[in-house]
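What follows is one structure encoded as C-alpha cells, with my remarks underneath.
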Amino acid sequence: MTTPDGGVPFLDAEMNRFLAQFQADTRPLEELQESLKAVRGRGEAANGQVKAEVLASGALGSLQIDPRAMRLGADALAEAVLAAASNAAADLTTQLAGMMMDGLTPFADEVRRFSQD
C-alpha cells in the first residue's frame, strides 16, 4: 500500500525523499547498463575482405567474407578471420572502457566528495 504521493505509509517524508533521490541517482547506472549491452565491436582484416562484429558478451555476432577473400587460401583466410575477430574485440574493449569512464566518473567524483566530508 502506498500513500497518495506514492510513498510508503510507514516511512516518514524524509525517508521517501531519500529513496526518490536514490532512484534518481541510480537511473544513469541503469541507462549505462543498457548501453553496455547494446555496444558492438567491429574489426576487419585482409584489406577489408573479412569483417567481424563482436557482441558485448564477447561472442562473435557476425562475420562477412568477401568472395575475393577465398583466393587467400584456407590458412590465410583462417588467419584473416581470427585477425578480424581480434580487431573487433579490441574495438569493443576500447568502446566499453570509454563508456565506463564516462558513465562512472560522476559517481567517482561523488564518492571522493563524500569521503572528504
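Every number here is computed from the coordinates shown, using simple stated rules; none is lab data. Computed from a prediction, not measured in an experiment: that's the story for all the values here.
Give a residue-ordered list of calculated ³J(HN,Hα) values for region 61-73 (Karplus: 6.51 cos²θ - 1.76 cosθ + 1.60, θ = phi - 60°; whole Hz; x for Gly, Pro).
Using θ = phi - 60°, the values come out as x, 7, 9, 10, 10, 5, x, 5, 5, 5, 6, 5, x Hz.
Along the principal axes of its C-alpha atoms, what lengths does region 37-100 span, in descending order and rounded to whole Å?
Principal axes ranked by extent give 41, 15, 15 Å for the Cα atoms.
Would you mind calculating the gained length between residue 96 and residue 18 on full extension (0.36 nm times residue separation, minus the Cα-Cα distance), in nm to one decimal?
Values: separation 78, 0.36 × 78 = 28.08 nm, distance 3.11 nm.
Result for the pair: 25.0 nm of gain on full extension.
How many angstrom lie between the Cα centre of region 68-90 and the Cα centre of region 31-45?
So the two Cα centres are separated by 21 Å.
Determine ³J(HN,Hα), in whole Hz, for all residues of region 37-47 in sequence, where each value follows from phi through the Karplus function 6.51 cos²θ - 1.76 cosθ + 1.60 and θ = phi - 60°; x replaces Gly and Pro.
Here the 3J(HN,Hα) series is 5, 8, 5, 10, x, 10, x, 9, 8, 6, 6 Hz.
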